[in-house]
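S.K.: After the structure tokens below, expect a handful of questions from me.
Quick note: the coordinates plus some simple rules give every number you see, no bench work behind them. All values reported here derive from a predicted model rather than from experimental measurement. Every residue, glycine among them, receives a Cβ derived from its backbone with ideal geometry; neighbour counts consider all protein chains shown.
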Amino acid sequence: MPYRFTFDLSRISRFFFTEVTRAAYERGMHRRVGKTVQEIIGKFKIQEATGLNLSDAVALLEDLIDVQARNLIERERFIQTKRRALLLPHCSRKFMDNRCKASFDPKIPSYLCAHCSPDCQVGKAELLAKKKGYDVYILPGGSCIPKILNANHYEGIIGVACGEEIRTGGEALKAMNISGQTVPLIKNGCANTAFNIESLSKIL
């Protein structure tokens, strides 16, 4: 869990994320959002909805803006890619115990989804991506990414993760000249994390 705090944005409207990115771009404040982000935090009652203090809420929103900005910058290049993969966090599985029937293959390295729960986010995401021709990896951590990228020749990668993991992964993709798109977690932690399936579907 890269952040020193936990968060849950699942009760906040998707319009909020659009508004944050729009405001940052219109005012030329990418990664320097300061007072405006504080105003947006107040407008959308983020502290009340998440329980985060102001500095943690600002750090989280700066990362969300960074994610959206990178997606916009890379979008046209990503659309031109042919061979793609989706990287999913194993902590978004419905179950993190033996009720999950996924098996882990260290050679890949990835969990292999058994589709044991129809309402599991990871299972849904895997089916959605495979229908669109993606290879899918369910990862126990970011340390698996270099092995996957070095063993394959992907042109485009979509990653689902928290902001700090996305930033680290983005640096690895840039070094390998691979185009990336990302979907940030809307609830973090070591288990039962969550992401927005609709957002993933649009990026795919």
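S.K.: Charges only on Cβ, +1 for Lys and Arg, -1 for Asp and Glu: so what's the dipole of the chain about the Cα centre, in debye to the nearest 20? Intermediate results must be reported in sequence, preceding the final value.
M.R.: Values: 30 positive and 21 negative charges, 90 e Å.
Rounded to the nearest 20 debye, it is 440 debye.
S.K.: A further question on this structure: Restricting to the chain, what percent of DSSP beta bridges are antiparallel, rounded to 5?
M.R.: 30
S.K.: Now a separate question. Treating only the Cβ of Lys, Arg, Asp and Glu as charged (+1, +1, -1, -1), what charge dipole size does the stretch 106-183 show about its Cα centre? Round to the nearest 20 debye.
M.R.: Charge dipole, the stretch 106-183, about its Cα centre: 180 debye, nearest 20.
S.K.: In nm, what is the difference between 0.36 nm times the number of residues separating ALA191 and GLU76 and their Cα-Cα distance?
M.R.: 38.0 nm
S.K.: Taking Cα atoms, how many degrees apart are the long axis of helix 163-175 and the longest axis of the chain, rounded to 10 and kept between 0 and 90?
M.R.: 60
S.K.: Taking amide hydrogens as modeled 1.01 Å from N in the peptide plane, which residues meet the under 5 Å criterion relative to ALA102, leaving out close sequence neighbours?
M.R.: Counting only residues 5 or more places away or on other chains, the set is ALA114.
S.K.: Related question: Could you go through the stretch 123-139 in sequence order and give the Karplus-derived ³J(HN,Hα) for each residue, using 6.51 cos²θ - 1.76 cosθ + 1.60 with θ = phi - 60°, rounded to whole Hz, and x for Gly and Pro?
M.R.: Values, residue by residue: x, 4, 5, 4, 4, 4, 6, 5, 5, 9, x, 7, 7, 10, 10, 10, 9 Hz.
S.K.: Counting helices only, and only those DSSP H runs with n ≥ 4, report the 222 nm mean residue ellipticity of the chain as the sum of -39,500 (n - 2.57) divided by its residues, in deg cm²/dmol to the nearest 500.
M.R.: When only DSSP H runs of four or more count, the value is -14000 deg cm²/dmol.
S.K.: Still on this structure: Run the simple label-point estimate for MET96 and LYS147 please: 7 Å along Cα→C-beta, distance reported in nm.
M.R.: 2.1
S.K.: Right, next: With a ≥ b ≥ c taken as the square roots of the eigenvalues of the C-alpha gyration tensor of the stretch 81-204, please select rounded if a/c is under 1.5 and otherwise prolate if a/b is larger than b/c or oblate if it is not?
M.R.: Cα axes put the stretch 81-204 in the rounded bin.
S.K.: Related question: In the chain, which longest range has no trypsin sites (Lys or Arg not before Pro) that are both DSSP loop (not H, G, I, E or B) and surrounded by at most 16 other Cβ atoms within 10 Å?
M.R.: By the stated rule (loop sites, at most 16 other Cβ atoms within 10 Å), 133-204.
S.K.: Right, something else. Given the pairs LYS45/LYS101; LYS35/LYS147; LYS35/LYS202; LYS174/LYS202; LYS45/LYS132, which span a C-alpha to C-alpha distance of over 29 angstrom in this model?
M.R.: On the way: LYS45/LYS101 39 Å; LYS35/LYS147 41 Å; LYS35/LYS202 31 Å; LYS174/LYS202 23 Å; LYS45/LYS132 37 Å.
The answer is LYS45/LYS101; LYS35/LYS147; LYS35/LYS202; LYS45/LYS132.
S.K.: Net charge around ILE108, counting only other residues with Cβ within less than 14 Å of its Cβ (Lys, Arg = +1; Asp, Glu = -1)? Numbers along the way, then the final one.
M.R.: Values: positive: LYS107, LYS147; negative: ASP105, GLU126, ASP135.
So the environment of ILE108 carries a net charge of -1.
S.K.: Given an 8 Å cut-off on Cα distances and at least 6 residues of separation, report the relative contact order of the stretch 38-172 as a percent.
M.R.: 29
S.K.: Something else: I'd like the chymotrypsin sites (Phe, Trp or Tyr not before Pro) in the stretch 117-204 restricted to DSSP loop residues with at most 10 other Cβ atoms within 10 Å, sorted by number.
M.R.: Answer in residue order: no site qualifies.
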